[in-house]
Amino acid sequence: MSDDGKFEAPGVFTLAIIFLVTFIIIWLAHAKWLTDIWELY
Amino acid sequence: MAIYEPEGNWWQPIHKDEKIWFILALVWMLVSFFYMPIQHFMGKQNPPTESYRVSAEDFDALVEGMVQKHQIGTTGVENDVPLVAPPAGEPVFLRASMWEWYPALQLKKGETYKVHLSSMDLLHGFSIQPINLNLMVIPGYDYIANIKPTRTGDYRILCNEFCGVGHHMMVGKIEVI
Amino acid sequence: MSEMRTCDITGLKIDKTAETMVKLNITTAIIFLAVGGAAALLVLLTRWPAIHLLPVEWYYRWLTAHGLVALIVWILFFEIGLVYFGSAILLNTRIAAPLLAKVVYGMMLVGVSLVAVMVLIGKADVLFTSYVPLQANPLYYLGIVIAAVGMLLGFIHFFINVAVAKKEGKYKKTLPLVAFGIMAASIIGILTIAHGAAIYIPTFIWSLNDFLADQGMAPIIQNIDPEAYRLVWWGLGHPSQQINVCMMVAMWYMTAAFLFDAKPLSEKLCRTAFVLYILFINVASEHHLLVDPVLSTWHKIVNTSYVMHLAVLASMIHAFAVPAAMEAALRKKGYTNGLFEWLKKAPWGNPGFSAIFISIILFGFLGGITGVIFGTEQFSIIRHNTWAITGHFHGTVVAGTTIAFMGAAYQFIPIFFRRELILPAVAKIQPFVYGLGVMILSICMMAAGSFGVPRRHWDYNFSDAPFDYEFDPTVGIFMDLTGVGGVIATVGGAMFIVVTLGSIFAGKKIEK
């Protein structure tokens, strides 16, 4: 139960990183999309 | 197991991989969080922030006033919506009602316009295509959007908030020259 | 006196009345899923431009029905079943007030039936959100209030059962994690329905104006401010989805426990995450109002981003913790080869497992990512009221909650209904078929919406509009693919209904 430096779930950790990277890429794609519209305040 | 009461003292330190994941997730959530207020100050596309109460009659009078002053022609379509070219620096009034956007507008690229949006009856959805700029139009409220068209072209205003059986017929026009 | 039996699968001591209420509510839920799914097909085939099935009025009518039945009725009946599961069965105790359980069920059924009738006879063409000044017949609102009071009593019953269980020493210090999750859902449920009362009762009174006028009486409530309605309604609307998220996550943990004897790596982290849900989702509803007038930017930003991101953090914790618990349990059983042997060797042939795992992946990738993005003020400008929003919430409540509840139902059939699954070959592939269909539907709706296709809209070609507008031809491909995904999902849904109802009523009985 204590923190001895070992990963308990390395497979899920890998999947989680893939998720986070996907999230960041899709988020950045949307930020880029914003530059295509008119200015709005 | 998660279907039994946990044994002993379960308030234990967190495993290394869960701890790392928690920190990464938190950092990313903070980035997403700060983006909103930072973009609000520095960015060029933000939801407008000015609104007032207005009655349907008063708003309609403002719309017709603008049409009378700045109409340059008609659009020659079924309900013959007037084509109006308000000069930069003068307010623009756009009226949503079941089922039209009134009037049609001619705007100049690179100029900023104060566009006042209100509805005569139900909720409507102001949706400029193909740029996909979307705002809500609420009866009883004047929502003021400062808009600067950045490209010329012939744009359409769709309605994307359900407003009855004629909802799909509600298409307006903005030309940018 | 209540009758108890000992379950030979889980070891739990099950009270007969509690079990009956679980079975009754789950079965009712599945029947309503069939109705909601049929409505979905009608709506899908209308929005598919090549088919354009229903005429305009019936489209909006069936869309109203689809929203209510698929999003609320199917899910709430299932969740009230989970209330008895979490507060009585998991605690090896009885239902404290069996009569209350029957009243809850009765009120929900009566309320829902009244609503269904009013919608289908055309007196409530207002869509699920019923945004004022749109006005339905008073009986529509009354039906909703009756059903909601029933649901409220159901969530309150959770706490009555738990209080009695504590008094009788059925648990010592804290609830099992799955019950803790169902408790979090019930707390949010009570707060949600309080918002619902705050908006539906005045709206009901306002809808009486025509009737009052006919009697020569003055209106009691003359007008309802449309923006105030939106604000309070979404105070009901969004937290109602967080009830679903809590219950879905509870089902994830339950499956890990039932199928793998899996323990969460950190009870502390999981319980804290549920508390984050309770604290923060009740406030974060303004992401529905980001491009509305009236609300100030600071209000929108604090409500939406500060609070919503903390609730999302909780989801990211759970979405890690559950599969991590499964992985840890499977590694202990010997599947230690490489990063993913445990996953490859997991029981993918068991629809209880596959549905849950598919739910975890699709909820995160489809629903979760897009929810945070569209809930950002600047991104809302380019997505609000487009079909992308519809794609997002089909990623959360269909690919997430509904698929998870399907997985739970597969597990409940042997445990509570004491039946074997009929058509096991169909059951085995059903979560994959449904998951694939919903995934295609969700992604293609979002793609079409990113090009501006509106939601809640009868005609892609804008017939009879004064100005023509044609979408880019690519968008037409996404419209067709959405149709394909939806049809696959309908087939997957029908497979689920046939297998579950068939098993419940005619499956081979499991003898002790």
> Any residue in the stretch C:149-163 that is crowded, with 19+ Cβ neighbours inside 10 Å, more than 17 Å from C:Ile190 (Cβ to Cβ) and either among the small types (Gly, Ala, Ser) or in contact (Cβ under 8 Å) with a residue 24 or more places away in the chain (or both)?
Replying inline: no
>> Considering only residues that are more than 9 Å from every other protein chain (Cβ to nearest Cβ), surrounded by fewer than 24 Cβ atoms within 10 Å (Cβ to Cβ) and part of a loop (DSSP other than H, G, I, E, B), which ones fall in the stretch B:94-123?
In response: B:Met98, B:Lys108, B:Lys109, B:Gly110, B:Glu111, B:Met120
> If you check B:Met29, B:Met42, which single one turns out to be of a type outside the set (D, E, K, R) and touching a helix residue (DSSP H, G or I) at 6+ places or on another chain (Cβ under 8 Å)?
Replying inline: B:Met29
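To keep it simple, each residue is scored yes or no on (1) surrounded by fewer than 24 Cβ atoms within 10 Å (Cβ to Cβ); (2) within 21 Å of C:Leu68 (Cβ to Cβ).
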site: C:Gly181; (1), (2): no, no
site: C:Ala184; (1), (2): no, no
site: C:Tyr200; (1), (2): yes, yes
site: C:Asn223; (1), (2): yes, no
site: C:Gly235; (1), (2): yes, yes
site: C:Ile243; (1), (2): no, yes
site: C:Met251; (1), (2): no, no
>> Which numbered condition in (1) under 24 Å from the mean Cα position of the chain (by Cα); (2) facing chain C (nearest Cβ under 8 Å) is the only one that B:Asp58 fails?
In response: (2)
>> Quick check on the stretch B:61-93: of everything there that is within 14 Å of another protein chain (Cβ to nearest Cβ) and free of Cβ contacts under 8 Å to residues at least 12 places away in the same chain, which residue is surrounded by the most Cβ atoms within 10 Å (Cβ to Cβ)?
In response: B:Val77
> Does C:Ile415 meet the test of being within 14 Å of chain B (Cβ to nearest Cβ), more than 30 Å from B:Tyr155 (Cβ to Cβ) and either in contact with a Gly (Cβ under 7 Å, 6 or more places away or on another chain) or aliphatic (A, V, I, L, M) (or both)?
Replying inline: yes
>> Just checking: which of the helices (runs of 4 or more DSSP H) contained wholly in the stretch C:11-91 hold 1 or more residues that are within 18 Å of C:Tyr410 (Cβ to Cβ)?
In response: C:16-47, C:74-84
> List pairs: first in the stretch C:91-120 and farther than 22 Å from C:Met183 by Cβ, second surrounded by fewer than 16 Cβ atoms within 10 Å (Cβ to Cβ), Cβ under 8 Å, 6+ apart or cross-chain?
Replying inline: none
> For the subset of the stretch C:283-302 comprising residues that are among the hydroxyl-bearing types (Ser, Thr, Tyr) and part of a helix (DSSP H, G or I), which member is nearest to the other protein chains (Cβ to nearest Cβ)?
Replying inline: C:Thr297
> Taking the stretch B:30-51 as the search range and keeping residues that are part of a loop (DSSP other than H, G, I, E, B) and at the interface with chain C (Cβ under 7 Å from one of its Cβ atoms), which one is surrounded by the most Cβ atoms within 10 Å (Cβ to Cβ)?
Replying inline: B:Pro47
>> Can you pull out every residue in the stretch B:24-79 that is farther than 27 Å from A:Trp38 by Cα and either in contact with an Asp or Glu (Cβ under 9 Å, 6 or more places away or on another chain) or of a type in the set (Asp, Glu) (or both)?
In response: B:Ala56, B:Glu57, B:Asp58, B:Glu78, B:Asn79
>> Residues that are over 26 Å from C:Leu54 (Cβ atoms) and of a type in the set (Phe, Trp, Tyr), at least 3 per element: which helices (runs of 4 or more DSSP H) completely within the stretch C:393-512 meet that?
In response: C:403-415
> Here is a list of conditions, (1) closer than 20 Å to C:Phe471 by Cβ; (2) facing chain C (nearest Cβ under 10 Å); (3) touching a residue at least 60 places away in the same chain (Cβ under 8 Å); (4) of a type outside the set (S, T, N, Q), and B:Cys163 meets all of them except one; can you say which number that is?
Replying inline: (1)
> Are any of the residues in the stretch C:452-466 closer than 30 Å to C:Glu19 by Cβ and hydroxyl-bearing (Ser, Thr, Tyr)?
Replying inline: no
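On the basis of being surrounded by 22 or more Cβ atoms within 10 Å (Cβ to Cβ), closer than 22 Å to C:Ala257 by Cα, without any contact (Cβ under 8 Å) to a residue 60 or more places away in the chain and under 24 Å from the mean Cα position of the chain (by Cα), does C:Gly407 make the cut?
So C:Gly407 does not fit the description; no.
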> Looking at C:Val22, C:Val43, which one is farther than 24 Å from C:His157 by Cβ and β-branched (Val, Ile, Thr)?
Replying inline: C:Val43
>> So, in the stretch B:157-177, exactly how many residues are out of contact with any Gly (no Cβ under 7 Å at 6 or more places or on another chain) and over 27 Å from C:Trp58 (Cα atoms)?
In response: 4
>> Test of understanding: among B:Tyr155, B:Tyr141, which residue is more than 7 Å from every other protein chain (Cβ to nearest Cβ) and among the aromatic types (Phe, Trp, Tyr)?
In response: B:Tyr155
>> Can you confirm whether C:Val83 is within 16 Å of C:Asn25 (Cβ to Cβ), surrounded by 24 or more Cβ atoms within 10 Å (Cβ to Cβ) and modelled with pLDDT of 95 or more?
In response: yes
> Which number in (1) of a type outside the set (Ser, Thr, Tyr); (2) within 14 Å of chain B (Cβ to nearest Cβ); (3) not in a loop (DSSP other than H, G, I, E, B) marks the one condition that C:Gly111 misses?
Replying inline: (2)
> Applying the selection to the stretch C:257-275, what residues are within 21 Å of B:Lys16 (Cα to Cα) and in contact (Cβ under 8 Å) with a residue 60 or more places away in the chain?
Replying inline: C:Ala262, C:Lys263, C:Pro264, C:Leu265, C:Glu267, C:Cys270, C:Arg271, C:Phe274
> Looking at the stretch C:1-33, which of the residues that are of a type in the set (Gly, Ala, Ser) and surrounded by fewer than 19 Cβ atoms within 10 Å (Cβ to Cβ) is nearest to the chain's Cα centre (by Cα)?
Replying inline: C:Gly11
>> Every residue in the stretch B:71-93 that is under 21 Å from B:Thr112 (Cα atoms) and part of a strand (DSSP E or B), please.
In response: B:Gln71, B:Ile72, B:Leu83, B:Val84, B:Val92, B:Phe93
>> Pairs please, first residue from the stretch B:115-133 and under 13 Å from B:Arg156 (Cβ atoms), second anywhere and acidic (Asp, Glu) and surrounded by fewer than 24 Cβ atoms within 10 Å (Cβ to Cβ), Cβ atoms under 8 Å, 6+ apart in sequence or on different chains.
In response: B:Pro130/C:Asp472; B:Ile131/A:Asp36
> Which number in (1) within 12 Å of chain B (Cβ to nearest Cβ); (2) surrounded by fewer than 21 Cβ atoms within 10 Å (Cβ to Cβ); (3) at positive phi; (4) not charged (D, E, K, R) marks the one condition that C:Leu423 misses?
Replying inline: (1)
>> Scan the stretch B:7-23 and tell me whether some residue there is more than 20 Å from the chain's Cα centre (by Cα) and more than 30 Å from C:Phe258 (Cβ to Cβ).
In response: yes
>> Can you list residue pairs whose Cβ atoms sit under 7 Å apart, with the first residue in the stretch B:1-17 being closer than 10 Å to C:Lys268 by Cα and the second being surrounded by fewer than 18 Cβ atoms within 10 Å (Cβ to Cβ) and of a type in the set (Asp, Glu)? Count only pairs 6 or more apart in sequence or on different chains.
In response: B:Pro13/A:Asp3
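The values are calculated or read from the model by the stated rules, or taken from the named source; none is laboratory data. If you're wondering where the values come from, they're calculated on a predicted model, not measured in any experiment. Here Cβ is always computed from backbone atoms with ideal geometry, including for glycine, and neighbour counts include all displayed protein chains.
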